[in-house]
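Here, each number is a calculation from the coordinates, and none is a lab measurement. Here the structure is a predicted model, which means the values were calculated and not measured. Every residue, glycine among them, receives a Cβ derived from its backbone with ideal geometry; neighbour counts consider all protein chains shown.
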Amino acid sequence: MNRSSNRYHSYLLRIWREESAIAPHWRVSLTSVDNSEQLGFPTPEAAFLFLREQMQRWEEERSKNEADRNE
């Protein structure tokens with residue numbers, strides 16, 4: 001599978017629960033399999049938002065690349 005085509009992306013997902021004085025909460029980290037970049041998120045929702053934004057950006061790049069090839 002050609003990863004450089006923006007059709008395939010892989011992250012290692014880690015989820016853990018932290019106890020606090022107020023209330024327990026979940027933390028999330030994503031590590032890119034391609035470049036080992038690690039990203040931390042205070043909530044699962046923040047991680048999912050990041051992934052949705054990444055997918056949108058990848059789709060925009062793919063569309064731009066297709067348009068450039070058709071010129």
Counted residues, the range 13-40 - those being surrounded by fewer than 10 Cβ atoms within 10 Å (Cβ to Cβ) and aromatic (Phe, Trp, Tyr): 1
Restricting to the range 20-33, what's the tally of residues that are of a type outside the set (Ser, Thr, Tyr) and touching a Phe, Trp or Tyr at 6+ places or on another chain (Cβ under 9 Å)? 5
For the range 41-71, give me the residue count where each residue is surrounded by 12 or more Cβ atoms within 10 Å (Cβ to Cβ) and either assigned to a loop (DSSP other than H, G, I, E, B) or small (Gly, Ala, Ser) (or both). 4
Any residue in the range 33-45 that's touching a residue at least 24 places away in the same chain (Cβ under 8 Å) and under 14 Å from Leu13 (Cβ atoms): show its pairings with residues that are among the hydrophobic types (A, V, I, L, M, F, W, C) and in a strand (DSSP E or B) at Cβ separation under 8 Å, as long as the two are six or more apart or on different chains. Pro44/Ile15; Pro44/Trp26; Pro44/Val28
